[in-house]
Every structure is written in C-alpha cells, then in structure tokens.
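Read the structure below first, then the notes.
The values are calculated or read from the model by the stated rules, or taken from the named source; none is laboratory data. Just so you know, these numbers come straight off a predicted model, no measurement behind them. Glycine also receives a Cβ, built like all others from the backbone with ideal geometry; neighbour counts cover every protein chain displayed.
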C-alpha cells in the first residue's frame, strides 16, 4: 500500500512540470529568398514565409540567399486585446 502512495505522490509532482512545457514548435523548409540581420524569408509552395531572428537564433551552416534551409520556430503572442461581449 505504501508503494501506491509513493507512486501517486511522484505522479502528482510531475503534473506541473508537464503543464509548464514549452509551446509547440513548427518548421518551414525552402530556399532563402531574402536575408536580413533580423529576418529570414523562405519560399515554400510559392508562398513567402518571413521568420524573425535575433542574437539567440542558433544557425548551423552558412546562411545565404538561395540556400535551402529548415527553420524551426514557435508562435509567440506579442499583444492580446480582450473584446467585451455585447
């Protein structure tokens, strides 16, 4: 019976860690069509994807226009406006 309570306690302690997980990540793959210090523009299926980057962005390889890349990104809210119900 004691083993049951120990396992239950471990599960209850792990729940907040799972709930605090990072937001889902996404990726886009295609050739770079424009490159700036703060943004990479990739073309995928004839659609332009602009992805912001900063000094924390990890880059493996030589970024240049024409290079095929896979960019992993997360969606982050920059502002939220609550609309009142009428």
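Here residue 23 passes the criteria (1) out of contact with any strand residue (DSSP E or B) (no Cβ under 8 Å at 6 or more places or on another chain); (2) in a loop (DSSP other than H, G, I, E, B); (3) exposed (fewer than 10 other Cβ atoms within 10 Å of the Cβ) except the one numbered (1).
Residues considered: 58, 48, 44. Of these, the only one that is at pLDDT 80 or above and loosely packed, with under 10 Cβ neighbours inside 10 Å is 58.
Those strands (runs of 3 or more DSSP E) of the stretch 27-86 in which 2 or more residues are in contact (Cβ under 8 Å) with a residue 24 or more places away in the chain occupy 39-44, 68-74.
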